[in-house]
Amino acid sequence: MEGDYSKGMLLGKVTPVVDVYSPGILHPISRQFGRDSLLMEGPLPFHGVDLWHAYELSWLNLEGKPEARVGRFTVPADSPNLVESKSLKLYLNSLNNMRFESEEAFIATVIADIGAVAGVSVSLELWRVNDQGITGGPLAGDCIDNETCADVGSDGAVSLRVDGHERIEERLFSHLMRSLCPITGQPDWATLWLHYRGPRLDRGALLQYIVSYRQHQEFHEQCAERIFLDIYHLLAPDFLHLQAFYTRRGGLDITPFRSSELDARPQGRIARQ
């Protein structure tokens, strides 16, 4: 499922070890490629951010001693570009032998480089590797994974449906989300969580819809936006928050968060990540 956005990508290619500072290796992917397929025009129909957790951050202090951290990048959903994950991994590795006078200097360099590629200001929080503040927590709501799930077809959106006319507020999640990288075809695993107030979603149909993504090829962020819009168009809810907690690959995990509300905030990482 390659498109024009695949030009210059590192995904699926053999790449040499990068051990000198290389900001030029960061590769942008226009968000518009994925959004064109969703027929989105004009202002975005949602708000949100992408959270990236990086588990292999390291640099040298001025004496040449390594520092190690876990980091959380926050990239606004209205940024023009994604940053290709393999290029980000290689870029972060290129910092391993670079000396910084402080943690703050490291952060300033990294967010400047990534922000230049994303086309918007990004943020980076750092934790010591044994800091409990980065420990994954539980999700609020009901897990729907024990619901009966019918055989899925090629178009998961048609299986979504409401259950009656009652309007409710609830939180639901499933650990059975799987999609495929659009370049390599490799599987990406996730827990999908949503919180809404509106007509009651049929839980079995929702699970069937989620499972239908097992052979769907799109980037994490694009999958989250497609799912958000399918549910939002069906329910016309008072509000909808949706977060896809993808598991890590190559020392990185990606957690897209989309919401109908401007001031909504994402949850942190979960234990699975």
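The values are calculated or read from the model by the stated rules, or taken from the named source; none is laboratory data. Given the structure is predicted, the values throughout are model-derived calculations rather than measurements. Heads up, the Cβs are rebuilt from the backbone with ideal geometry, glycines too, and the neighbour counts pull from every protein chain shown.
Key figures for this structure:
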{"quantity": "Residues (of a type outside the set (Phe, Trp, Tyr) and more than 21 Å from the chain's Cα centre (by Cα)) located in segment 70-105", "calculated": "Ser94, Leu95, Asn96, Asn97, Met98, Arg99, Glu101, Ser102, Glu103, Glu104, Ala105"}
{"quantity": "In segment 252-273, the residues that are among the aliphatic types (A, V, I, L, M) and modelled with pLDDT under 95", "calculated": "Ala271"}
{"quantity": "Among the candidates His175, His195, His241, residue that is at pLDDT 95 or above, of a type outside the set (Gly, Ala, Ser) and in contact with a Cys (Cβ under 8 Å, 6 or more places away or on another chain)", "calculated": "His175"}
{"quantity": "Segment 120-139 - residue that is part of a loop (DSSP other than H, G, I, E, B) and touching a helix residue (DSSP H, G or I) at 6+ places or on another chain (Cβ under 7 Å) and, of those, surrounded by the most Cβ atoms within 10 Å (Cβ to Cβ)", "calculated": "Val122"}
{"quantity": "Inter-residue pairs, beta-carbon under 8 Å, first closer than 16 Å to Glu84 by Cα and in segment 97-123, second among the small types (Gly, Ala, Ser) and in a loop (DSSP other than H, G, I, E, B), 6+ apart", "calculated": "Ile111/Ser121; Gly115/Ser121; Ala118/Ser79; Gly119/Ser79; Val120/Ser79; Val122/Ser79"}
{"quantity": "Qualifying positions in segment 239-254 - out of contact with any helix residue (DSSP H, G or I) (no Cβ under 8 Å at 6 or more places or on another chain) and either under 18 Å from Gly141 (Cα atoms) or among the basic types (Lys, Arg) (or both)", "calculated": "Phe239, His241, Phe245, Arg248"}
{"quantity": "Condition met for Asn81 (polar (S, T, N, Q) and either assigned by TED's automatic domain parsing to the domain that holds Gln186 or out of contact with any Pro (no Cβ under 9 Å at 6 or more places or on another chain) (or both))", "calculated": "no"}
{"quantity": "Any hit, segment 60-77, residues being in contact with a strand residue (DSSP E or B) (Cβ under 9 Å, 6 or more places away or on another chain), within 25 Å of Asp188 (Cβ to Cβ), polar (S, T, N, Q) and not assigned by TED's automatic domain parsing to the domain that holds Gln186", "calculated": "yes"}
{"quantity": "Residues satisfying the stated conditions in segment 230-258, i.e. polar (S, T, N, Q) and crowded, with 22+ Cβ neighbours inside 10 Å", "calculated": "Gln243, Thr255"}
